[in-house]
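Everything below concerns the one structure shown next.
The values are calculated or read from the model by the stated rules, or taken from the named source; none is laboratory data. Not measured: the values here are computed from a predicted model. Quick reminder, even Gly has a Cβ in these numbers, built from the backbone with ideal geometry, and neighbours come from all protein chains shown. Protein only, heavy atoms only, side chains kept; ligands, DNA and RNA dropped before computing areas. Shrake-Rupley method; radii C 1.70, N 1.55, O 1.52, S 1.80 Å.
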Amino acid sequence: DMKVTQMPRYLIKRMGENVLLECGQDMSHETMYWYRQDPGLGLQLIYISYDVDSNSEGDIPKGYRVSRKKREHFSLILDSAKTNQTSVYFCASSYRGGQNTLYFGAGTRLSVL
Amino acid sequence: GQQVQQSPASLVLQEGENAELQCNFSSTATQLQWFYQSPGGSLVSLLSNPSGTKHTGRLTSTTVTKERRSSLHISSSQTTDSGTYLCAIDRSGSWQLIFGSGTQLTVMP
């Protein structure tokens, strides 16, 4: 059905709590991404995953880690969340290489208080 | 590293007018995609155009690779075109797409 699904859509956490953001896709895409979007900064790449257990840091990986144990599922973990991690997080997926289109999820709006 | 600059930052048009959005990037790119983001919403790919001219519906993109620039032309704008348009290019030698900050388009009725 060509869909990227993110859960949850909205999340409020306290500083120091752990956060798990989940992303799934039904297109068997090899490559998956986590971005965050902040006003005036555009989208910044946190992590990219080329396939199961094949993950690479993006531009702003500090404070985040990821897990990809199945091709269709990619998780973003914040251990001991900080207030400056308040943001909108987008997951995306694509076929590997070339001019392949990125498909985005609806986003998770995270507030860390 | 690779940088993407979009202009203008914002644009207000009357319905029916044409829009011209610009994207400039700092080094050669093999991928270039234009995305649309609805207010408060997610991103949708509009087209991929790493070089030359490409049309889809009311959209025309022209990319001049050696000059490191791309444009997106929206003809006969409609109120439903309002939102943010983002340009993204690949970091050289990878599939990591780097995004510009976008152009916020508002089309007035």
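Taking region A:1-63, which trypsin sites (Lys or Arg not before Pro) meet the DSSP loop condition and have no more than 15 other C-beta atoms within 10 Å? Walk me through the numbers on the way to the answer.
Values: sites: A:LYS3, A:ARG9, A:LYS13, A:ARG14, A:ARG36, A:LYS62; in loops: A:LYS3, A:ARG9, A:ARG14, A:LYS62.
Hits after loop and neighbour filter: A:LYS3, A:ARG9, A:ARG14, A:LYS62.
Might you tell me the accessible area per residue for the protein assembly as shown, computed with a 1.4 Å probe and given in Å²? Let's see the in-between values first.
Working: 10420 Å² over 222 residues.
Accessible surface, normalised per residue, equals 47 Å².
Do you know the relative contact order of region A:4-112, to the nearest whole percent, from alpha carbon pairs under 8 angstrom that are 6+ apart? Could you put the intermediate results ahead of the total?
Values: 280 pairs, mean separation 39.8, N = 109.
So the answer I get is 37 percent.
Quick check: net charge around A:GLU17, other residues with Cβ under 11 Å of its Cβ, Lys/Arg +1 and Asp/Glu -1? Can you show the working numbers first?
Working: positive: A:LYS13, A:ARG14, A:LYS82; negative: A:ASP79.
Net of charged neighbours comes to +2.
So which trypsin sites (Lys or Arg not before Pro) in region A:75-113 pass both tests, a DSSP loop state and at most 15 other Cβ atoms within 10 Å of the Cβ? Each step should come with its number before you reach the end.
Working: sites: A:LYS82, A:ARG96, A:ARG109; in loops: A:LYS82, A:ARG96.
For trypsin sites (Lys or Arg not before Pro) across region A:75-113 that sit outside H, G, I, E and B with at most 15 neighbouring Cβ atoms in 10 Å, the list reads A:LYS82, A:ARG96.
May I ask you to give the percent of accessible area on chain A that is carbon plus sulfur, with a probe radius of 1.4 Å? Don't skip to the end; give the middle numbers.
Working: 2750 of 5470 Å².
The nonpolar share, carbon plus sulfur, comes to 50 percent.
Report the residue, chosen from A:GLU17, A:GLU57, A:GLU72, that carries the largest GNM mean-square fluctuation when chain A is represented by alpha-carbon nodes joined by springs under 10 Å.
A:GLU17
Distance between the C-alpha centers of region A:1-62 and region B:5-70? Whole Å please.
Region A:1-62 and region B:5-70 have Cα centres separated by 24 Å.
Could you tell me the relative contact order of chain B? Use alpha-carbon pairs under 8 Å, at least six residues apart, and round to a whole percent. Could you put the intermediate results ahead of the total?
Numbers: 285 pairs, mean separation 41.0, N = 109.
Contact order relative to length: 38 percent.
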